[in-house]
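*Asks:* After the structure tokens below, expect a handful of questions from me.
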């Protein structure tokens, strides 16, 4: 095999496929990038058996071939090479020789056919999506996934397509995040749970350019993200997701409208009085026009008043400050509305058209 | 006590004195900032018994007093307060109350007289120094101090003032760093070892503005850095420093002049073939006009040629790549000259007027 790449585009491709290289594995071949130049194009593939990535790489094929090469070592070398043409050649001793200007690296390769190829996904009926928008709704919901091994579905996010809307939901037993967004040109319905790990990697790969689009394909067991020269295939999580709609009520006894930034900064300050790992809640006392936020701890105490617009009954309610901050950090709007029934039922932070809805369980007074 | 500060200047002062707050100590009082407003000015003092910092703080004294307050907690609170006036008041229950806009924190304080004051240093005959220049020569030499507990002097840097020159030297048994710089208006001679820890903190405190100066005062046991509103006092390390001049020779058998950036990048690439923690050296083969750099390891091999200007004999010599990179990263010049006697004697990287000189021990072939 003999290939020539431009360093910049080689580096870009390597960085993409690196996302599916497991950091720890007993299976050495999974630590490799499959470099396939048997046909007319060069492709790089990685596969950690949950998540797989294949990308087409710009480059010249002088001699066809296919090898698997240690991903970390290959990536480290490419990173540090001068900005110039990079040549990759194999010799008869199972060595791959990487040269660039006067620099020459020799590292062993493995046979390409040891490598596990990606599962085949039939590409029919794509859901066409804006990359930036998809990235945004993943970021705005992924924080409430859980590593809970017993309830596997909690470690993923529900992707539900119905009536030209995509709904993305995650929950971890203390809070739930939901974002809805319109999808054009798609009549099918989808209900699938994508692993949080896959979505975290997608956050790193997806473009932040609002012009770029991608195609989503779902099968019973897999999801395929297809964009530019890259395909990302991930297993889906098996099982039934929770019945979300049952958790969401439109009723409320108390509604408060708060400036988001002031509220966030205030909770951030209050949390200074809570030691890390301590489950102490902050206390919110809602009355007409005023939210008093308080915390008392062995470290000291803090209190602060915030101007709000309140509807309905006065209420005292306690929260884990981190859960509230996570939500507020993922809302772009200047003002947020909080809907509450009682001190013991979940508070809902949502906008009027339900394109976002966050649910946070309060902390019981008895637990204080 | 009742004091009012502007948040920005309060934060600046807190950040300065924080540098002498030990991260781990059994003596709680050392975790405090002493806030002294007994006289006409407000001063903050911290002291970890090796290093002490005192700084004057801009603020209004409404009621005199003196307290010691937990440094980390106070700093965290100040950081997160809104940008406005901050009031600090004490009450009769040993509480200090910090208020800013509608935010109010209550944390306990300790009596100020529990606090260990800084040692008194007589301020005569200062060495006047440019802050930026001092920061530079500390940064350019401190990397070769050692944590060696047996040879305490290795954990510090020699500061030697003689004949209107300041010489700063550090060494760790594998390499030595030396920088010289002119000092104006000082006729005394000084020879003192300043702890590396002190100098590391000075790097964070000193201004990068070339206009700012500072005064240095040495006593038998202490050094005092005085600048703007701040005094930093540090113990000196006791003992005799090594005889540096004996290690430096002007003789050489081989001299190579190399482009610094190319050389550094080349060594950086070569070190990819050496596992972290592995003591494998890189091999340098010097001949007329060419430096061949090689490394062979179980991971693979690397070789690269560099254009150089060589004087004297051909030479093959081996180095720990990290030691060479540390030196090259701290030289600003575009070209460096390396002077060597043999493969078993230290290589010297220096300029013609000896304002910098770095010495690096080679690795024996037998250890390879």
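Values in this text are rule-based calculations from the coordinates and carry no lab data. As the structure is a computational prediction, the values presented were derived from the model and not from experiment. Glycine gets a Cβ as well: all are built from the backbone with ideal geometry, and neighbour counts include every protein chain shown.
*Asks:* So what is log10(I(q)/I(0)) for chain B at q = 0.10 1/Å, when the Debye sum runs over its Cα atoms only?
*Replies:* Those come out to -0.75, one per q.
*Asks:* Over chain B, what is the mean sequence separation of C-alpha contacts under 8 Å (at least six apart), divided by residue count, expressed as relative contact order in percent?
*Replies:* Value for chain B: 13 percent.
*Asks:* In peptide A:81-90, what is the residue-averaged number of other protein chain Cβ atoms found within 10 Å of each Cβ? Walk me through the intermediate numbers first.
*Replies:* Numbers: counts 2, 4, 0, 0, 0, 0, 0, 0, 0, 0.
If you average over the peptide's residues, the count of other-chain Cβ atoms is 1.
*Asks:* Let me know the shape class of region A:2-114, please: from the alpha-carbon gyration tensor, a ≥ b ≥ c as square roots of the eigenvalues, rounded when a/c is under 1.5, otherwise prolate if a/b is greater than b/c, or oblate. Show your work: numbers first, answer last.
*Replies:* Numbers: a/c = 1.41, a/b = 1.35, b/c = 1.04.
Taking the square roots of the gyration eigenvalues as a ≥ b ≥ c, region A:2-114 is rounded.
*Asks:* For peptide A:64-77, compute the average count of partner chain beta-carbon atoms within 10 Å of each residue's beta-carbon. Could you put the intermediate results ahead of the total?
*Replies:* Values: counts 0, 0, 0, 0, 0, 0, 2, 0, 0, 4, 0, 0, 4, 5.
For this peptide, the per-residue mean of nearby foreign Cβ atoms is 1.
*Asks:* Compute for region B:127-245: radius of gyration divided by Kirkwood radius, i.e. Rg/Rh, restricted to C-alpha atoms, rounded to two decimals.
*Replies:* On the way: Rg = 13.3 Å, Rh = 14.3 Å.
Here Rg/Rh amounts to 0.93.
*Asks:* How far apart are the residue B:152 label points across copies, placing each 7 Å from Cα toward Cβ, in nm, shortest first?
*Replies:* So the distances to the same position in the other copies read 6.1 nm.
*Asks:* Let me ask something else about it. So for region B:248-367, what percent of the C-alpha to C-alpha distances run longer than 26 Å? Let's see the in-between values first.
*Replies:* Numbers: 844 of 7140 pairs.
Result for the distance tail: 12 percent.
*Asks:* Here's another thing I want to ask about it. What Kirkwood radius, in Å to one decimal, follows from the Cα pairs of region A:1-59?
*Replies:* Final number for the Kirkwood radius of region A:1-59 is 11.9 Å.
*Asks:* Moving on. Rg over Rh of region B:222-302, using C-alpha atoms and the Kirkwood radius, what does it come to?
*Replies:* 1.20
*Asks:* Using a 10 Å cut-off around each Cβ of peptide B:100-110, what is the average number of partner chain Cβ atoms that fall inside? The partial results should precede the final answer.
*Replies:* Values: counts 2, 3, 10, 10, 6, 11, 7, 6, 3, 0, 0.
If you average over the peptide's residues, the count of other-chain Cβ atoms is 5.
*Asks:* One decimal, nm, shortest first: give the distances between the label point of residue B:133 and those of the same position in the other copies, each label point 7 Å from Cα along Cα→Cβ.
*Replies:* For residue B:133, the inter-copy label distances come out at 6.2 nm.
*Asks:* While we're here: In square nanometres, what is one fourth of the surface area of the convex hull spanned by the alpha carbons of region A:93-197? Mind showing how you got there, number by number?
*Replies:* Working: hull surface 46.9 nm².
Average projection, Cα convex hull of region A:93-197: 11.7 nm².
*Asks:* If I fit a long axis through the Cα atoms of helix A:71-80 and take the longest principal axis of the Cα atoms of chain A, what angle between them do I get, 0 to 90°, rounded to 10?
*Replies:* Tilt relative to chain A: about 90 degrees.
*Asks:* How large is the Kirkwood hydrodynamic radius of region B:51-126, in angstrom, based on all distinct alpha carbon pairs? The partial results should precede the final answer.
*Replies:* Working: mean 1/r = 0.0686 Å⁻¹.
Final number for the Kirkwood radius of region B:51-126 is 14.6 Å.
*Asks:* Based on the mean of other beta carbon atoms within 10 Å per residue, what is the order of B:104-111, B:29-36, B:43-50, most packed first? Could you put the intermediate results ahead of the total?
*Replies:* Details: B:104-111: 18.6, B:29-36: 22.1, B:43-50: 20.2.
By packing density, highest mean first, the sequence is B:29-36, B:43-50, B:104-111.
*Asks:* Quickly rank A:251-264, B:256-269 as a protection proxy: mean count of other C-beta atoms within 10 Å, highest first.
*Replies:* Values: A:251-264: 16.8, B:256-269: 18.7.
Put in order of decreasing packing, that is B:256-269, A:251-264.
*Asks:* So what is the relative contact order for region A:45-192, in percent, with contacts set as C-alpha pairs under 8 Å and at least six apart?
*Replies:* 15 percent
*Asks:* With n ≥ 4 as the cut-off for DSSP H runs, can you work out [θ] at 222 nm for chain B, using -39500 (n - 2.57) per run divided by the number of residues, rounded to the nearest 500?
*Replies:* Details: 6 runs with 60 residues, N = 368.
Calculated at 222 nm, the ellipticity per residue is -5000 deg cm²/dmol.
*Asks:* A further question follows. Counting pairs of alpha carbon atoms under 8 Å apart in space and at least six apart in sequence, what relative contact order in percent does region B:248-368 give?
*Replies:* Values: 236 pairs, mean separation 35.0, N = 121.
Contact order relative to length: 29 percent.
*Asks:* A further question follows. Output the peptides A:188-194, B:97-103 sorted from most to least packed, where packing is the average of other Cβ atoms within 10 Å over each peptide's residues.
*Replies:* Details: A:188-194: 16.4, B:97-103: 19.0.
The densest-packed peptide leads the list: B:97-103, A:188-194.
*Asks:* Give me the three principal axis extents of the protein assembly as shown from the C-alpha atoms, as integers in angstrom, largest value leading.
*Replies:* Projected onto its principal axes, the Cα set of the protein assembly as shown covers 87, 84, 39 Å.
*Asks:* With angles folded into 0 to 90 degrees, how steeply does helix A:196-205 sit against the dominant principal axis of chain A? Use alpha carbons for both and round to 10.
*Replies:* Helix A:196-205 and the main axis of chain A meet at about 70 degrees.
*Asks:* Return one number: the angle in degrees, 0 to 90 and rounded to the nearest 10, between the long axis of the Cα atoms of helix A:7-17 and the longest principal axis of the Cα atoms of chain A.
*Replies:* Orientation of helix A:7-17: about 60 degrees from the principal axis.
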